[in-house]
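The structure appears below as structure tokens.
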């Protein structure tokens with residue numbers, strides 16, 4: 001089962017404060033700077049479809065792919081014109097068609113923790129890009145992770161049905177550039193008072209500038225820009241997330 005399987009029901013509630021519309025417009029700007037008429041998009045790690053629907057509103061026909069059946073089931077509960085969803089693995093998917101844009105957002109690339117997984121995922125990106133297409137990928141940035149250091153975080157959210165309390169307990173493995181984020185969540189159903197407990201580990205890889213360039217090049221991709229997420233600035237020790245814009249090497 002995907003690491004997201006157990007709590008897909010609570011995912012949108014946990015991230016309801018995330019500004020998906022602004023982030024989608026930012027990514028759209030990066031894509032249209034190079035491909036003004038882009039109209040087709042493949043999205044990896046689409047989750048419950050929050051980004052997917054925003055991109056559809058911006059004029060794309062979007063095919064959203066996620067490893068989690070539960071996430072895809074949630075995504076399909078909110079139909080949107082120009083959008084389709086399917087389960088698939090970023091490391092091995094071959095759809096037999098190409099797209100003007102390929103995106104993997106909210107650190108999907110960082111979930112590829114071995115060199116082989118990273119190479120396979122980036123090769124998949126290349127295989128689905130048109131000759132003039134653009135890919136946008138974000139990921140954890142090593143200099144910031146090692147400077148700021150992962151810390152324990154606690155989050156509480158609720159709606160009219162449930163209350164969620166979640167603690168994140170990170171373990172840094174700096175010998176392999178990976179952080180294990182151990183989640184423990186308590187979900188209370190308001191009507192009955194019933195409390196369920198969930199435990200999951202999200203293993204996240206962080207990358208460095210030269211390293212990501214090498215991975216992209218070996219996968220047949222050319223790096224066009226590498227900036228701190230939601231900015232036009234270069235990454236630094238305050239930039240936990242970096243955004244890579246790339247295209248096929250011709």
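Structure notes:
- Spin-label proximity, residue 230 to the stretch 139-181 - amide N less than 15 Å from point 7 Å beyond Cα toward beta carbon: 139
- Helix axis angle, 209-218 relative to the chain longest principal axis, alpha carbon, degrees: 60 degrees
- Note on the chain: with a GNM built from Cα contacts shorter than 10 Å, the maximum mean-square fluctuation among 58, 224, 95 falls on 95.
- Cβ-Cβ FRET estimate between residue 171 and residue 238, R0 fixed at 25 Å, reported to 0.05: 0.65
- Estimated FRET transfer efficiency (residue 97, residue 250; beta-carbon r; R0 25 Å; 0.05): 0.80
- Between residue 25 and residue 147, the modelled label-to-label distance comes to 2.9 nm, taking each label 7 Å out from Cα in the direction of the beta carbon.
- Cα shape, the stretch 1-132, gyration tensor, a/c 1.5 rule: oblate
- Normalised by the number of residues in the stretch 144-205, the mean separation of alpha-carbon contacts (under 8 Å, six or more apart) gives a relative contact order of 26 percent.
- Whether the stretch 144-205 is rounded, prolate or oblate, judged on the alpha carbon gyration tensor where a/c under 1.5 counts as rounded: prolate
- Nearest-ten-degree value, helix 20-32 long axis tilted from longest Cα axis of the chain: 10 degrees
- Answer label, with Cα extents along the principal axes in Å calculated from the coordinates and candidates (i) 78, 48, 43; (ii) 59, 44, 31; (iii) 74, 62, 37: (ii)
- Label positions at residue 208 and residue 117, each projected 7 Å from the Cα along the C-beta direction, are separated by 2.1 nm.
- Gyration tensor verdict on the stretch 69-109 (Cα atoms; rounded if a/c is under 1.5, prolate if a/b is larger than b/c, oblate otherwise): prolate
- Between the stretch 161-221 and the stretch 42-61, the alpha-carbon centres lie 22 Å apart.
- Helix 115-127 axis, angle to the chain major axis (alpha carbon atoms, nearest 10°): 60 degrees
None of the figures in this text is laboratory data; all of them are computed from the coordinates on show. Values in this document were obtained by computation on a predicted structure and should not be read as measured data. Ideal geometry is used to build each Cβ from the backbone, glycine not excepted, and the neighbour counts take in all protein chains shown.
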